[in-house]
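> Please find one structure pasted underneath; my questions will follow.
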Amino acid sequence: MSTTTARRVQVETLSARAELLAVVRASMGITIGVWIYAAMMAGVGGNAPRQRNLLPFQKLIADRVPTEQRMFRELQEGLLEAEAARSTASAWPTPDSLAAAGVPPFAHDPTQRSSFVWRLVQSGTMVNYIGIPTTAGLPAWLLLVTEPTPGVPPDQTFEDEEHHRLQDGGMLHVSTWVHGDGRGIAPRLVRMPQAEGWTQLYAVGPAQAAARR
C-alpha cells in the first residue's frame with residue numbers, strides 16, 4: 001500500500017519593487033500599443049497631415065526603417081523600467097544594472113548582430129542614456145530625461161508621450177533621439193540634441209497627443 005508524503009511549499013509575496021516593476025511592464029505594453037495605434041491612425045489620409053505639426057528635427061517612428069522602429073520600442077520599455085527604479089531607489093539605474101535585469105535594449109540580444117555601448121550621463125536635473133554602436137554605419141541613440149526643478153511648476157500637469165509622472169508625483173520631460181553618425185558621438189551630456197544633429201522621434205507626435213485630451 002503506497003503512502004503519500006505531504007510537501008510544504010513556501011509562498012512569498014512580491015516585494016514592493018517587484019510589484020511596481022510588474023505593473024510598469026504591463027502598463028508599458030498598453031501605452032506603447034496605444035501610441036503605435038494612434039500613429040497608424042494619424043497616417044490615414046496621407047503623409048502631409050502627420051508631418052505638419054513636426055519641426056524639421058522631429059520625425060515619426062512609423063516613417064523610419066524597421067530596425068529603428070524596434071529600437072524605439074525597446075527604448076520606451078527601457079525608459080519605463082528606469083523610471084520605476086528611479087521611483088523606488090531615488091536614483092537612476094546604470095545601464096549595467098538594467099542589462100543585468102534583462103531590460104532591453106541594454107541587455108544583450110543574441111538575435112541581433114548589432115550591439116551598443118550604453119552610458120548614463122547626469123548633470124543637475126538632466127539625465128542622458130546614450131547608446132553608441134560598436135559597428136560602423138549604425139546610428140547612435142539617446143534617451144533625454146529632464147527631472148522637475150524643485151519649486152518650479154511643470155510645463156504641463158498631464159501625462160503624454162513626452163511627460164511621465166514618477167511615483168512621488170514629479171513630472172519628467174522625456175524624449176527619444178537618433179543620430180546617423182553613431183561612431184562620431186562622444187559619451188557626454190547632451191543638452192540640446194537638435195543643435196548637434198540629433199533627430200527626435202515620436203510614436204504619435206506632439207499635436208496628436210494633445211488632441212487626445
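The values are calculated or read from the model by the stated rules, or taken from the named source; none is laboratory data. Every value quoted in this text rests on a predicted model; they were computed, and no experiment measured them. Cβ atoms come from the backbone with ideal geometry, glycine included; neighbour counts cover every protein chain shown.
> Among the residues that make up the stretch 94-115, is at least one of them part of a helix (DSSP H, G or I), out of contact with any Lys or Arg (no Cβ under 6 Å at 6 or more places or on another chain), modelled with pLDDT under 95 and surrounded by fewer than 16 Cβ atoms within 10 Å (Cβ to Cβ)? Before the answer, list the steps.
From the stretch 94-115, those part of a helix (DSSP H, G or I) are 95-100; that's our starting set.
Okay, now just the ones that are also out of contact with any Lys or Arg (no Cβ under 6 Å at 6 or more places or on another chain), so 95-100.
Then drop every residue that is not modelled with pLDDT under 95, which leaves none.
Within the stretch 94-115, not a single residue is part of a helix (DSSP H, G or I), out of contact with any Lys or Arg (no Cβ under 6 Å at 6 or more places or on another chain), modelled with pLDDT under 95 and surrounded by fewer than 16 Cβ atoms within 10 Å (Cβ to Cβ).
> Among the candidates SER123, SER175, which residue alone is within 20 Å of GLN76 (Cβ to Cβ) and either of a type outside the set (A, V, I, L, M, F, W, C) or modelled with pLDDT of 95 or more (or both)? Before the answer, list the steps.
On the way: SER123 fails: within 20 Å of GLN76 (Cβ to Cβ).
Within the list SER123, SER175, the selection yields SER175.
> Considering only the stretch 179-192, I want to know if a residue exists there that is touching a helix residue (DSSP H, G or I) at 6+ places or on another chain (Cβ under 8 Å) and assigned to a loop (DSSP other than H, G, I, E, B).
Checking the stretch 179-192: at least one residue is touching a helix residue (DSSP H, G or I) at 6+ places or on another chain (Cβ under 8 Å) and assigned to a loop (DSSP other than H, G, I, E, B).
> Would you be able to tell me the number of residues in the stretch 176-197 that are touching a Ser or Thr at 6+ places or on another chain (Cβ under 9 Å) and either surrounded by 17 or more Cβ atoms within 10 Å (Cβ to Cβ) or polar (S, T, N, Q) (or both)?
The initial filter retains those residues of the stretch 176-197 that are touching a Ser or Thr at 6+ places or on another chain (Cβ under 9 Å), namely 177-180, 182-183, 189, 191, 193.
Keeping just the survivors that are either surrounded by 17 or more Cβ atoms within 10 Å (Cβ to Cβ) or polar (S, T, N, Q) (or both) gives 177-179, 182, 193.
Matching residues across the stretch 176-197 total 5.
> Looking only at the stretch 90-116, which residues are without any contact (Cβ under 8 Å) to a residue 24 or more places away in the chain and aliphatic (A, V, I, L, M)?
Of everything in the stretch 90-116, those that are without any contact (Cβ under 8 Å) to a residue 24 or more places away in the chain and aliphatic (A, V, I, L, M) turn out to be ALA91, LEU98, ALA99, ALA100, ALA101, ALA107.
Results for (1) among the polar types (S, T, N, Q); (2) assigned to a loop (DSSP other than H, G, I, E, B); (3) more than 23 Å from HIS108 (Cβ to Cβ), shown as yes or no for each residue.
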| position | (1), (2), (3) |
| --- | --- |
| ASN128 | yes, no, no |
| LEU142 | no, no, no |
| PRO148 | no, yes, yes |
| GLN156 | yes, yes, yes |
| SER175 | yes, no, yes |
